[in-house]
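K.L.:
Mind having a look at this structure? Questions to follow.
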Amino acid sequence: MIIVQDKLVSDDVVEEQFVCNLTACKGACCWEGDSGAPLEKGELPILNEIFEQVKPYLSPAGIAAIEAQGKYVFFEEAKEWGTTLVDNGPCAYMTLEGGVAQCGIERAWRDGKVDFRKPISCQLYPIRVEKNEIAGFEALNYDRWEICSAACEKGKKEQVPVYVFLKEAIIRKYGEDFYEELDGAAQFLKNGGE
């Protein structure tokens, strides 16, 4: 573990390699899994506010699921809020474009319709943030998932560590200073602690 500011960062975040390979996986992380994408409490009102602007970018099934269940759902097993699912399968905010999953929220963001890019958990993947509010710590862990095997292969081929691939997302979540400290710690480890 590496401590950056007051966050615990798994060694895997700096040692493992990863580069998304959408041509191989087709964005399967948007339709696989047991619950929706984890949402931070601050993201819940944002989803309420932007829904009408995002709605034109969603599938009819996604719109129907959101209108029936709400813009987000509490998942008991995970004990967290997450994006709504269509029939316990794909994320309701997911659309297919050329057979590849796309985020309807991100498409609206790219078109300048909303200021919110997408849930930070989606942008940070394969890093998952575990919070323990009682103990007062936050841990960044590398989440291994078989559907991302092509991304691991591509990352190894290109020699891109997980944290470097996720630079923009890490800066969005924690700021530039955090990223620079993480990069410094990673370089220190890479050079054998010298």
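K.L.:
With the chain treated as a Gaussian network of Cα nodes joined by springs under 10 Å, which of Glu158, Glu76, Glu168 yields the largest mean-square fluctuation?
P.N.:
Glu76
K.L.:
Considering Cα pairs under 8 angstrom that are at least six residues apart, work out the relative contact order of the chain and quote it in whole percent.
P.N.:
31 percent
K.L.:
Anyone know which of Ile120, Ile66, Ile50 comes out most mobile in the 10 Å Cα GNM of the chain?
P.N.:
Ile50
K.L.:
Calculate the FRET efficiency for Glu40 and Lys157 from the Cβ-Cβ distance with a Förster distance of 30 Å, rounded to the nearest 0.05.
P.N.:
It comes to 0.35.
K.L.:
Sticking with this one: Let's test the formula: R0 of 45 Å, r as the Cβ-Cβ distance of Glu52 and Arg128. What FRET efficiency results, to the nearest 0.05?
P.N.:
Calculated value: 0.90.
K.L.:
So, counting K/R as plus one and D/E as minus one, what does the shell of residues with Cβ under 13 Å around Leu166 add up to?
P.N.:
After counting each charged neighbour, the total is -1.
K.L.:
Just give me a number: lysine pairs in the stretch 31-116, eight or more positions apart or cross-chain, with C-alpha atoms less than 16 Å apart.
P.N.:
Qualifying lysine pairs in the stretch 31-116: 4.
K.L.:
Round to the nearest 10 and give me the degree value, 0 to 90, for the angle of helix 149-158's Cα axis relative to the longest principal axis of the chain.
P.N.:
Result, in degrees: 40.
K.L.:
Please give the helix 60-69 orientation as an angle from the longest Cα principal axis of the chain, in degrees from 0 to 90, rounded to the nearest 10.
P.N.:
That helix lies at roughly 90 degrees to the long axis.
K.L.:
Relative to the longest principal axis of the chain, what angle (0 to 90°, nearest 10) does the C-alpha long axis of helix 43-54 take?
P.N.:
The helix 43-54 is inclined about 50 degrees to the chain.
K.L.:
How far, in nm, would the chain grow between Asp115 and Asn88 when pulled straight, counting 0.36 nm per residue and subtracting the alpha carbon separation?
P.N.:
Taking Asp115 through Asn88 to full extension adds about 6.9 nm, to one decimal.
K.L.:
Only counting other Cβ atoms within 10 Å, I'd like Phe74, Phe116, Phe165, Phe18 sorted with the fewest neighbours first.
P.N.:
Ranking Phe74, Phe116, Phe165, Phe18 by Cβ neighbours within 10 Å, fewest first, gives Phe74, Phe116, Phe165, Phe18.
K.L.:
Just how many % of Cα pairs in the stretch 1-139 lie over 22 Å apart, if you round to the nearest whole percent?
P.N.:
41 percent
K.L.:
Name the long-range amide H neighbours of Glu16: under 5 Å, sequence gap of 5 or more, or other chain; modelled H, no Pro or chain starts.
P.N.:
Val162
K.L.:
Using θ = phi - 60° and the Karplus curve 6.51 cos²θ - 1.76 cosθ + 1.60, what whole-Hz ³J(HN,Hα) does each residue of the stretch 111-123 get, with Gly and Pro shown as x?
P.N.:
Going residue by residue, I get 7, x, 7, 9, 8, 8, 6, 4, x, 4, 5, 6, 5 Hz, with x marking Gly and Pro.
K.L.:
A further question follows. When we measure straight from the Cα of Lys7, which lysines land under 17 angstrom away, once same-chain ones fewer than 8 places off are left out?
P.N.:
Lys131, Lys167, Lys173
K.L.:
Taking 8 Å as the Cα distance limit and 6 or more residues as the minimum spacing, I'd like the relative contact order of the stretch 24-138 as a percentage.
P.N.:
Averaging sequence separation for qualifying contacts and normalising by length gives 30 percent for the stretch 24-138.
K.L.:
Expressed in nm to one decimal, what extension gain is obtained for the pair Ala135 and Leu189 from 0.36 nm per residue of sequence separation less their Cα-Cα distance?
P.N.:
16.7 nm
Where a number appears in this text, it was derived from the coordinates with a stated rule and is not lab data. What you are looking at is a predicted structure, and each value in this text was computed from that prediction instead of being measured. Cβ sites come from the backbone with ideal geometry, for glycine too, and all protein chains shown count toward neighbours.
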